[in-house]
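Following: one structure in structure tokens, then a few remarks.
The values are calculated or read from the model by the stated rules, or taken from the named source; none is laboratory data. If you're wondering where the values come from, they're calculated on a predicted model, not measured in any experiment. Positions of Cβ are backbone-derived with ideal geometry, glycine not excepted, and every protein chain shown enters the neighbour counts. Side chains are part of the model used for accessible areas, which takes the heavy atoms of the whole protein and leaves out ligands, DNA and RNA. Shrake-Rupley method; radii C 1.70, N 1.55, O 1.52, S 1.80 Å.
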Amino acid sequence: KEVRELSDGEINQQIAFIDQRVSFFDTTIRHNLAYMCPNATEEQIAEAVEAAGLTEDIAGFDDGLNRRIGVGGSKLSGGQRQRLALARMFLTDKPIIILDEPTTGLDQGLSFKIMKKLKELAKTKNVLLVTHNPTEIALADRILVIHGGKIVADGEAQELVKTSVFLQTAMTEQDVVSKRKLFVAHCAEAA
């Protein structure tokens, strides 16, 4: 369907979006996950939690998925809130995924785990990542540099690092190669 023929509601039903400031309910982890997918099975919840790198954290809570997280997730660390938001997104089945700085506050191992899952999702979905993170930029399949509301560069990291002033301030060609090698090594080690 031509996108201009769709209502805002129809478009929004196709999008899973994670902002930098995610809202959570003052209830349990399970309820916050099920909110996005009320019919999720225990297996689907476990897979989403694992994909987000939250399994060990939840196992460490006395009440597991039934842990109350406080207003806005105040009883969780920033990284745990970020991963809970990602797990919630992994439970949805939307064709368009938009993430704003999804690995902020995560260590490199968790960031790579999330990026691996996002690359898998990108095989069947449109995954749009808004980021300033050089590693995420290096791992992206396609980069759009936006300045002043306009696309000023479009391409792959290896190409754009030579031509885009923005990317040149963030990384070199060798940085791109190094970050990709680290990612591949991490994925091989985790397998």
Original post:
Taking only protein heavy atoms and a 1.4 Å probe, what accessible area per residue, in Å², does region 1-138 have with all protein chains in place?
Top reply: 55
Original post:
What does the accessible area of Glu101 come to, in Å² to the nearest 10, when a probe of 1.4 Å is used?
Top reply: 30
**OP:** Could you give the spread of the C-alpha atoms of the chain along their three principal axes, from largest to smallest, in whole angstroms?
**Re:** 52, 46, 28
Original post:
Given a cut-off of under 8 Å on Cα pairs at least six residues apart, what relative contact order in percent is computed for the chain?
Top reply: 20
Original post:
With charges set only on the Cβ (+1 for Lys and Arg, -1 for Asp and Glu), what does the dipole of the chain come to about its Cα centre, in debye to the nearest 20?
Top reply: 180
Subject >> Per-bin percent of Cα-Cα distances, region 1-56 [10 Å] >> reply: 18, 41, 27, 13, 1
Subject >> Centre separation in Å (Cα based) which lies between region 120-191 and region 42-65 >> reply: 29
**OP:** Using the structure shown, select from Lys1/Lys116; Lys117/Lys179; Lys1/Lys125; Lys94/Lys123; Lys94/Lys117 the pairs with a Cα to Cα distance greater than 19 angstrom.
**Re:** Lys1/Lys116
Subject >> Neighbour cut-off at most 15 other Cβ (10 Å), DSSP loop, GluC sites (Glu not before Pro), region 2-105 >> reply: Glu2
**OP:** Determine the calculated [θ] at 222 nm for the chain from helices alone, applying -39500 (n - 2.57) to every DSSP H run no shorter than 4 residues and normalising by the residue count; nearest 500 deg cm²/dmol.
**Re:** -13500 deg cm²/dmol
Original post:
All other residues with a Cβ under 12 Å from the Cβ of Cys187 taken together, and with Lys, Arg as +1 and Asp, Glu as -1, what is their net charge?
Top reply: +4
Original post:
Between Ser178 and Ala46, what is the spin-label point distance in nm, taking each point 7 Å from the Cα along the Cα→C-beta axis?
Top reply: 4.0
Original post:
Which percent of the accessible area of region 54-178 is formed by carbon and sulfur heavy atoms (probe 1.4 angstrom)?
Top reply: 51
**OP:** Go through region 86-175 and name the trypsin sites (Lys or Arg not before Pro) that are in a DSSP coil and have 11 or fewer other Cβ atoms within 10 Å of their Cβ.
**Re:** Lys123, Arg142
Original post:
Which trypsin sites (Lys or Arg not before Pro) does region 1-59 hold that lie in a coil by DSSP with at most 16 other beta carbons within 10 Å?
Top reply: Lys1, Arg21
Original post:
Can you give the accessible area of Met171, probe radius 1.4 Å, in Å² rounded to 10?
Top reply: 10
**OP:** In vacuum, with every alpha carbon of region 70-127 counted as one equal point scatterer, what does the Debye formula give for log10 I(q)/I(0) at q = 0.14, 0.26, 0.28 Å⁻¹? Two decimals, please.
**Re:** -0.40, -1.14, -1.24
Original post:
Semi-axes, largest first, in whole Å: what does sqrt of 5 times each Cα gyration tensor eigenvalue give for region 1-114?
Top reply: 25, 16, 13
**OP:** Quote the accessible area belonging to His186 in square angstrom, nearest 10, computed with a 1.4 Å probe and with ligands, DNA and RNA left uncounted.
**Re:** 50
Subject >> Cα-projected label distance for Glu101 with Asn39, points at 7 Å along beta-carbon direction, nm >> reply: 3.7
